[in-house]
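The values are calculated or read from the model by the stated rules, or taken from the named source; none is laboratory data. Everything numeric here is computed off the predicted structure, so don't read it as measured data. Here Cβ is always computed from backbone atoms with ideal geometry, including for glycine, and neighbour counts include all displayed protein chains. Only protein heavy atoms, including side chains, enter the accessible area calculation; ligands, DNA and RNA are left aside. Shrake-Rupley method; radii C 1.70, N 1.55, O 1.52, S 1.80 Å.
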Amino acid sequence: MRNIWTISKRELGHYLAGPIGYLAAFALMLILGLIFFTNIQVAFLYTTAPSPQFIIAPIGFLLIFLVPAITMGSIADEYKTGTLETIMTAPVRDWELIVGKWLGGVFFFLGLLVLTWIFPLILNQFVTPGIDQGLLVSGYLGVFLLMAAFVAIGVFTSSLLNNSIAAYFLTFAILLALWMISAPSQIATTAGNSILNYLDFSEHFYPTFLSGVITLKDIVFYISSAALMLFLGTASLEARRWK
Amino acid sequence: MIEVVGLTKDYGTRRALDGLNFTVKKGEIVGFLGPNGAGKTTTMRVLAGYLPPTSGTVTVDGKDLIKDSLSIRQITGYLPETVPLYSDMTIRGYLLYMGNLRHLKHVDELVDQAIERVQLTDRSDGYIGNLSKGMRQRVGFAQAILHDPDVLLLDEPTIGLDPAQIHEICNLIKEFGKHKTILFSTHILSEVQQLCDRVLIINKGRILVEDTPEQLQLRLSGGRNVIVRVNGKITPTLAAFKKIKGISTVTPLGENSAQLTVQPDFEARPEIARVVVKEGLDLIELRGADLSLEQIFIQLTAEDESSPNPNLTSAE
């Protein structure tokens with residue numbers, strides 16, 4: 001347990017020591033700011049009350065681009081620079097390393113999500129009697145769980161490869177595919193399509209969390225996806241020893 | 001302390017280690033020699049718990065390397081060949097990180113001690129990315145000794161250093177080796193002579209020789225060599241040299257010098273000097289010329305290349 005904490009702290013420090021963490025924060029805030037500004041204008045034009053959803057919905061999608069940028073080097077870079085050898089010969093279990101890496105990424109994105117709270121806070125000033133707090137809470141819970149699963153996928157992918165750019169593209173491709181894998185089920189509802197529908201990460205987010213519905217089924221889905229990825233990441237790290 | 005029995009390691013179809021057997025006793029400094037690609041780094045990595053062996057057993061402090069991996073890693077310090085460090089951390093930050101991963105008590109004090117030992121106190125808050133090769137090496141060494149390990153594995157600790165730094169690292173190893181078990185690999189044979197209680201020479205994944213540096217020299221040169229130089233023609237004197245007790249061969253080296261091989265346990269130099277004077281010559285030089293470890297090393301590995309079954313393995 002202590003090792004996980006030590007590793008995640010160092011991982012977070014690593015993100016904050018280099019430019020990538022700040023660039024990711026900048027990109028997220030810039031795009032959310034544009035979306036926010038547009039939606040405020042629309043609300044004034046049509047005199048409708050804006051909901052916090054228009055801030056939360058794009059975060060999920062933007063994570064597809066941002067998560068790989070942060071997680072791509074988590075194992076791949078350590079392998080490349082050789083520091084993995086130092087960690088793997090220290091009294092640290094392989095799973096502790098993977099979970100620590102994952103937790104470091106989760107902490108980083110948690111910070112990023114907290115930053116985006118500025119938009120709902122501003123919005124709250126514009127709307128009387130304030131925005132729907134329930135939507136806000138369930139939306140952010142959904143984004144958090146989604147992000148935790150995404151980061152686990154990113155760490156797993158990084159553990160497979162020795163090159164962080166390759167890890168970026170593979171993670172990005174996997175995340176994007178998981179985001180739109182339900183597309184065939186829009187055409188026809190066959191048994192195969194309903195499996196695709198279940199695997200779709202956005203299907204556990206848009207209809208439920210984003211609409212203010214918190215269901216155990218979706219929470220379990222994200223947590224078990226993350227757990228599976230961390231398990232696979234550990235297995236892949238162990239496999240490296242046997243290469 | 002370290003017992004290696006039948007250690008074999010395959011990388012895919014390539015056999016890197018082919019049934020290594022050796023032991024390192026507690027408190028011993030053992031030098032690990034071999035040409036590049038002989039399997040030194042692989043052996044180090046196996047002992048450090050990074051790579052599992054394909055077959056064979058390794059016990060450290062009576063514990064099995066695979067089953068008790070974590071507790072063995074706890075008492076082992078390891079400096080990998082490439083000295084991997086995080087360039088975005090400070091020296092102190094890095095050592096604290098490694099110390100915390102080892103759950104060290106009083107980690108701050110231990111880090112300070114380690115930094116002081118490798119003489120980086122004034123740089124301890126500087127970033128590792130800005131350090132020179134020699135300083136990085138010292139940080140790596142500090143990391144390896146941070147937890148006062150019982151077993152220290154150093155993979156080419158002096159590679160890429162200047163002579164002053166090599167001297168420094170050697171002193172660190174010597175000081176540390178007074179109470180600890182150390183296995184270190186190197187190419188620089190003077191280090192071995194200076195530091196090691198015992199030498200392992202490895203080639204193509206097998207142990208070629210295992211002996212003390214002195215014994216190795218004696219055994220392979222068949223005795224000690226002495227070079228005599230006089231201020232005249234040495235040829236007429238050669239027969240007289242041959243008659244001296246304990247001298248086995250006489251080889252002329254040019255007009256006025258010769259190399260004499262003296263059997264072990266004989267001191268022939270006073271008699272050589274007397275013979276020279278008796279022959280009416282002036283003695284200019286009389287010095288020992290033992291086979292250097294370099295020569296032994298080249299000789300051994302060359303022999304191994306030509307013969308499929310090396311029979312030089314020590315009886316130890």
Problem set entry | Of all residues in the range A:73-105 being within 23 Å of the chain's Cα centre (by Cα) and small (Gly, Ala, Ser), the one that is farthest from A:Ile20 (Cα to Cα) | A:Gly100
Exercise. Does the range B:50-69 include one or more residues that are more than 7 Å from chain A (Cβ to nearest Cβ), within 30 Å of B:Ile128 (Cβ to Cβ) and of a type in the set (Ser, Thr, Tyr)?
Worked result: yes
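Here is a yes/no grid of residues against (1) more than 14 Å from chain B (Cβ to nearest Cβ); (2) free of Cβ contacts under 8 Å to residues at least 60 places away in the same chain; (3) touching a His at 6+ places or on another chain (Cβ under 6 Å); (4) on the phi < 0 side of the Ramachandran plot:
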{"position": "A:Ala69", "(1), (2), (3), (4)": "yes, no, no, yes"}
{"position": "A:Asp94", "(1), (2), (3), (4)": "no, no, no, yes"}
{"position": "A:Lys101", "(1), (2), (3), (4)": "no, no, no, yes"}
{"position": "A:Phe109", "(1), (2), (3), (4)": "yes, yes, no, yes"}
{"position": "A:Gln125", "(1), (2), (3), (4)": "yes, yes, no, yes"}
Exercise. What tally of residues in the range B:52-88 results from selecting those that are under 13 Å from A:Met88 (Cα atoms) and touching a helix residue (DSSP H, G or I) at 6+ places or on another chain (Cβ under 8 Å)?
Worked result: 8
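For the range B:36-65, how many residues are hydrophobic (A, V, I, L, M, F, W, C) and farther than 19 Å from B:Ser185 by Cα? Spell out how you get there, then give the answer.
Quick first cut of the range B:36-65, residues hydrophobic (A, V, I, L, M, F, W, C) only: B:38, B:44, B:46-48, B:51, B:58, B:60, B:65.
Those still in the list that are farther than 19 Å from B:Ser185 by Cα too: B:65.
Number satisfying all stated conditions: 1.
Could you tell me which residue of the range B:267-316 is modelled with the lowest pLDDT, considering only residues that are open to solvent by less than 80 Å² (accessible area, probe 1.4 Å), of a type in the set (A, V, I, L, M, F, W, C) and not in a helix (DSSP H, G or I)? Step through it out loud before you land on a result.
Of the residues in the range B:267-316, the ones open to solvent by less than 80 Å² (accessible area, probe 1.4 Å) are B:268, B:270-273, B:275-276, B:280-281, B:283, B:285-286, B:288-293, B:296-297, B:299-304, B:307, B:310, B:312-314.
Filter once more, keeping what is of a type in the set (A, V, I, L, M, F, W, C): B:268, B:272-273, B:275-276, B:281, B:283, B:286, B:289, B:291, B:293, B:296-297, B:300, B:302, B:312.
Next, from what is left, pick out any that are not in a helix (DSSP H, G or I): B:268, B:281, B:283, B:286, B:289, B:291, B:312.
Details: B:Ala268: 79, B:Leu281: 86, B:Leu283: 87, B:Leu286: 85, B:Ala289: 71, B:Leu291: 63, B:Leu312: 41.
Within the range B:267-316, the match that is modelled with the lowest pLDDT is B:Leu312.
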For this session: Would you be able to say whether some residue in the range B:118-139 is under 18 Å from B:Ala48 (Cβ atoms) and not polar (S, T, N, Q)?
Result: yes
Seminar exercise, completed: The one condition B:Val83 fails out of (1) over 21 Å from A:Ile4 (Cα atoms); (2) of a type outside the set (S, T, N, Q); (3) not in a loop (DSSP other than H, G, I, E, B) is (3)
Problem set entry | Residues within the range A:4-22 that are modelled with pLDDT under 95 and farther than 14 Å from A:Phe107 by Cβ, tallied | 4
Problem set entry | Conditions (1) part of a helix (DSSP H, G or I); (2) over 24 Å from A:Met229 (Cβ atoms); number of the one not met by A:Ile131 | (1)
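Residues in the range A:1-47 that are of a type outside the set (A, V, I, L, M, F, W, C) and either within 18 Å of A:Leu121 (Cα to Cα) or in contact with a Ser or Thr (Cβ under 6 Å, 6 or more places away or on another chain) (or both): how many?
So the first thing to find is which residues in the range A:1-47 are of a type outside the set (A, V, I, L, M, F, W, C), and the list is A:2-3, A:6, A:8-11, A:13-15, A:18-19, A:21-22, A:33, A:38-39, A:41, A:46-47.
Next cut, either within 18 Å of A:Leu121 (Cα to Cα) or in contact with a Ser or Thr (Cβ under 6 Å, 6 or more places away or on another chain) (or both) only: A:33, A:38-39, A:41.
Number satisfying all stated conditions: 4.
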For this session: Return yes or no: is A:Leu135 touching a residue at least 24 places away in the same chain (Cβ under 8 Å), under 20 Å from A:His204 (Cβ atoms) and surrounded by 15 or more Cβ atoms within 10 Å (Cβ to Cβ)?
Result: yes
Seminar exercise, completed: Of the residues in the range B:88-105, those that are within 11 Å of chain A (Cβ to nearest Cβ) and closer than 19 Å to B:Gln119 by Cα number 7
Exercise. Within the range B:75-90, is there a residue that is within 15 Å of the chain's Cα centre (by Cα), farther than 20 Å from B:His103 by Cα and of a type outside the set (S, T, N, Q)?
Worked result: yes
Exercise. Hey, among the residues in the range A:160-191 that are under 16 Å from A:Ser236 (Cα atoms) and in a loop (DSSP other than H, G, I, E, B), which one's least open to solvent (accessible area, probe 1.4 Å)?
Worked result: A:Leu161
For this session: Of the conditions (1) open to solvent by 60 Å² or more (accessible area, probe 1.4 Å); (2) in contact with an Asp or Glu (Cβ under 8 Å, 6 or more places away or on another chain); (3) polar (S, T, N, Q), A:Ser74 clears all except one; give me its number.
Result: (1)
Exercise. Of A:Thr83, A:Thr38, which residue is more than 30 Å from B:Leu51 (Cβ to Cβ) and polar (S, T, N, Q)?
Worked result: A:Thr38
Exercise. Tell me, which helices (runs of 4 or more DSSP H) lie completely within the range B:127-210 with 2 or more residues that are touching a residue at least 60 places away in the same chain (Cβ under 8 Å) and open to solvent by less than 10 Å² (accessible area, probe 1.4 Å)?
Worked result: B:133-145, B:189-195
Exercise. Within the range A:208-243, restricting attention to residues that are part of a helix (DSSP H, G or I) and within 14 Å of chain B (Cβ to nearest Cβ), which residue is surrounded by the fewest Cβ atoms within 10 Å (Cβ to Cβ)?
Worked result: A:Trp242
For this session: Please specify each residue of the range A:17-50 satisfying the condition of being open to solvent by 80 Å² or more (accessible area, probe 1.4 Å) and within 14 Å of chain B (Cβ to nearest Cβ).
Result: A:Pro19, A:Tyr22
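I'm trying to understand the selection: among the residues of the range B:32-49, which are in a helix (DSSP H, G or I) and either more than 10 Å from chain A (Cβ to nearest Cβ) or open to solvent by less than 20 Å² (accessible area, probe 1.4 Å) (or both)?
From the range B:32-49, those in a helix (DSSP H, G or I) are B:40-48; that's our starting set.
Once the filter is applied, which keeps residues that are in a helix (DSSP H, G or I) and either more than 10 Å from chain A (Cβ to nearest Cβ) or open to solvent by less than 20 Å² (accessible area, probe 1.4 Å) (or both), the range B:32-49 yields B:Lys40, B:Thr41, B:Thr42, B:Thr43, B:Met44, B:Val46, B:Leu47, B:Ala48.
Which of the residues that make up the range A:192-207 are under 19 Å from the mean Cα position of the chain (by Cα) and outside any loop (DSSP other than H, G, I, E, B)?
Narrowing the range A:192-207 to residues under 19 Å from the mean Cα position of the chain (by Cα): A:198-207.
Selection gives A:Tyr198, A:Leu199, A:Ser202, A:Glu203, A:His204.
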